[in-house]
Structure formats: C-alpha cells, structure tokens
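A.B. asks: Structure provided below as structure tokens; questions to follow.
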Amino acid sequence: MTIKTLAQQKEDILLLMKYAVPAEQMVEARQLLNRYQTDIIAINLLSAFYSYLPEGLDDTVRELRLLARRQGAFLIAAITYHSAYFYLVTVNKAEFLGDGKDGVWDKEIRDFFELGSREDFLKKTTNLTNFSEHTPAHQDEQLCPACAAADGEKHVLGCPVEVCPWCDGQLTSCHCRFEQLDRDHLLGERELAALEEKLAKKGRIPYDSAKHRPVYPTAGDGDEPTPTT
Ligand SMILES: [Zn+2]
Ligand SMILES: [Zn+2]
C-alpha cells in the first residue's frame with residue numbers, strides 16, 4: 001500500500017471538487033481546503049465528503065466544527081449549504097456518520113466520546129455554532145503531530161512518536177516488541193493484540209506535548225516525525 005502525501009491528497013480533492021462544488025461556491029471551497037491543507041484530519045474528512053456527497057447533491061463544505069475529541073479520534077460536523085454532516089475522523093480515515101437528524105448515533109461512539117444519551121446529544125447539536133471551529137491539527141500544540149492524541153492521552157498504537165516503556169526508545173523502531181512476544185517479526189492481528197496487552201500491563205507512556213513534540217528541522221509534507229527524546 002502506498003501512502004499518499006498531503007499534497008497528493010489535496011490534488012485529489014481539488015479534482016473531486018470540480019464535480020461536486022457549484023461554480024459560484026468554488027472560491028469558498030478552495031479557501032477552506034487551503035486553510036486545512038496541512039491537517040490530515042481535515043483532509044481525510046474533505047476527501048470522504050467530496051468522494052461520496054452524502055445526499056448526492058452538489059455541495060460545499062463551509063465550516064468544520066469540532067464536537068468532541070479523544071485519543072486521536074475526532075467527531076467533526078461539516079457544515080455545508082444543504083446541511084451539517086457528522087464524521088468520525090482519525091489520521092487514517094474519515095467515516096461518515098449521518099446528518100444528525102436521522103442519527104447514525106451508535107451507542108459505542110456516544111460512549112467513547114462520553115456524549116450522553118442520543119436526546120442529549122441532539123439537543124446540544126441543534127446549534128452547532130456552540131462548538132468551536134476545528135483547529136488545523138498540526139497547529140494545535142496539544143496534539144501529537146503523528147496520531148493526533150492529545151496531551152496526556154495514549155497514542156494510537158503504531159504511532160511513531162510513542163515512547164517505549166521498556167527501553168525509552170521509539171516504540172515503533174526499538175526491538176522490545178519482538179523480545180516481549182518472543183518472535184523475530186510480528187505476524188498480524190493476534191500478535192498486535194498480544195503486544196497491546198503486554199503494553200497495557202507495563203503501562204504505556206502517554207503523549208506529553210512538552211517532552212515528545214518532535215522538532216522539525218524543515219517544514220515539509222510526508223516526513224516521518226522523530227521524537228526528540
Ligand atoms: Zn502519537
Ligand atoms: Zn523498546
């Protein structure tokens with residue numbers, strides 16, 4: 001699998017927008033894309049939106065509002081000319097949840113974000129301007145730049161910024177995971193689950209923005225961040 005750079009994903013979105021965005025809204029659509037062009041969270045959402053227009057109607061994302069955020073997962077409302085659509089977004093993908101009124105509010109998601117009952121949530125989201133605009137994730141100092149976990153939260157497993165609790169090295173590149181599982185390579189889901197269990201027992205090191213935020217010598221797309229420790 002090849003991973004597209006943000007710049008490539010932006011090009012793809014621009015192409016999709018030609019078919020999705022009414023001509024008179026194109027300037028606005030591009031402005032929003034430019035504002036978020038280095039934020040993988042927003043890019044994943046926009047790419048999901050413009051690939052599968054929720055109602056099959058030409059439409060434009062005008063604003064992104066952050067409803068909730070936890071451990072690298074973002075619940076975001078994309079406000080458009082027709083409606084507001086909810087997405088569950090991580091650095092890996094964006095999942096369309098529905099437009100709130102017909103609610104695809106599965107309990108698992110509500111519980112994860114501690115949103116209360118469906119009714120509570122619907123009440124809260126009647127006025128989306130109560131929620132602040134989504135800050136481009138890379139500009140948010142509180143977030144891990146690789147997996148978007150917040151200060152004090154666990155990283156998404158596989159995040160290159162996560163510090164190994166056994167050796168203090170980089171968890172994705174040190175050898176501890178092989179030693180812990182007594183294997184010379186990891187085979188798949190089962191090994192990953194076993195590793196996650198061992199990590200939980202040992203105690204994972206949460207993201208600490210003051211200590212772990214990588215320092216980029218040059219600003220560029222697609223570079224793997226490296227921890228400073
Ligand atoms: Zn991370
Ligand atoms: Zn290690």
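Here, each number is a calculation from the coordinates, and none is a lab measurement. This one's a predicted model, so the numbers in the text were calculated from it and none came from an experiment. Using ideal geometry, Cβ is built from the backbone for each residue, glycine included, and neighbour counts are taken over all protein chains shown.
A.B. asks: Go through the stretch 118-129 residue by residue and turn each phi into a ³J(HN,Hα) via Karplus (6.51, -1.76, 1.60, θ = phi - 60°); whole Hz please, and just put x for glycine and proline.
C.D. replies: 4, 5, 3, 5, 4, 4, 4, 8, 4, 10, 6, 6
A.B. asks: What ranking, highest mean first, results for peptides 108-120, 10-22 when packing means the other Cβ atoms within 10 Å averaged over each residue?
C.D. replies: The densest-packed peptide leads the list: 10-22, 108-120.
A.B. asks: Can you compute the helix-only [θ] at 222 nm over the chain? Use -39500 (n - 2.57) per DSSP H run of at least 4 residues, normalise by all residues, nearest 500 deg cm²/dmol. Write out the running numbers ahead of the final one.
C.D. replies: Values: 8 runs with 74 residues, N = 229.
Mean residue ellipticity at 222 nm (helix-derived): -9000 deg cm²/dmol.
A.B. asks: Follow-up. Would you mind classifying the stretch 6-139 by shape? Square roots of the alpha carbon gyration tensor eigenvalues, ordered a ≥ b ≥ c; an a/c under 1.5 is rounded, otherwise it is prolate if a/b is larger than b/c and oblate if not.
C.D. replies: Numbers: a/c = 1.90, a/b = 1.46, b/c = 1.30.
The shape class here is prolate.
A.B. asks: With axes computed from alpha carbons, what is the tilt in degrees of helix 26-35 against the longest principal axis of the chain, rounded to the nearest 10 within 0 to 90?
C.D. replies: Roughly 20 degrees, rounded to the nearest 10.
A.B. asks: Same structure, new question: Report, largest value first, the span of the C-alpha coordinates of the stretch 150-216 along each principal axis, in whole Å.
C.D. replies: For the stretch 150-216, the Cα extents along the three principal axes come out at 34, 21, 18 Å.
A.B. asks: Expressed as an acute angle from 0 to 90° and rounded to the nearest 10, what is the orientation of the C-alpha long axis of helix 189-202 relative to the principal long axis of the chain?
C.D. replies: The angle comes out near 70 degrees.
A.B. asks: In a GNM of the chain with a 10 Å cut-off on Cα contacts, which of A200, A94, A42 has the highest mean-square fluctuation?
C.D. replies: A200
A.B. asks: Taking a threshold of 22 Å on the Cα-Cα distance, which of the pairs K124/K154; K154/K211; K10/K93 fall above it?
C.D. replies: K124/K154
A.B. asks: Ranked highest first by average number of other Cβ atoms within 10 Å, how do 173-181, 64-72 line up?
C.D. replies: 64-72, 173-181
A.B. asks: Please arrange I205, I43, I3 by how many other C-beta atoms lie within 10 Å of their C-beta, fewest to most.
C.D. replies: Numbers: I205 18, I43 25, I3 8.
Ascending number of Cβ neighbours within 10 Å: I3, I205, I43.
A.B. asks: May I pose another question? Helix 6-20: angle to the longest alpha-carbon principal axis of the chain, degrees 0 to 90, nearest 10?
C.D. replies: 20
A.B. asks: Let me ask something else about it. Taking amide H positions as placed in the peptide plane 1.01 Å from N, state which residues far from G72 in sequence (5 or more) or on other chains have amide H under 5 Å from it.
C.D. replies: A149, A150
A.B. asks: Can you put E141, E162 in order of Cβ neighbours within 10 angstrom, beginning with the fewest?
C.D. replies: Fewest-to-most Cβ neighbours within 10 Å comes out as E141, E162.
A.B. asks: In terms of the Cα gyration tensor, with a ≥ b ≥ c the square roots of its eigenvalues, is the chain rounded because a/c is under 1.5, prolate because a/b exceeds b/c, or oblate?
C.D. replies: Numbers: a/c = 2.09, a/b = 1.58, b/c = 1.32.
The shape class here is prolate.
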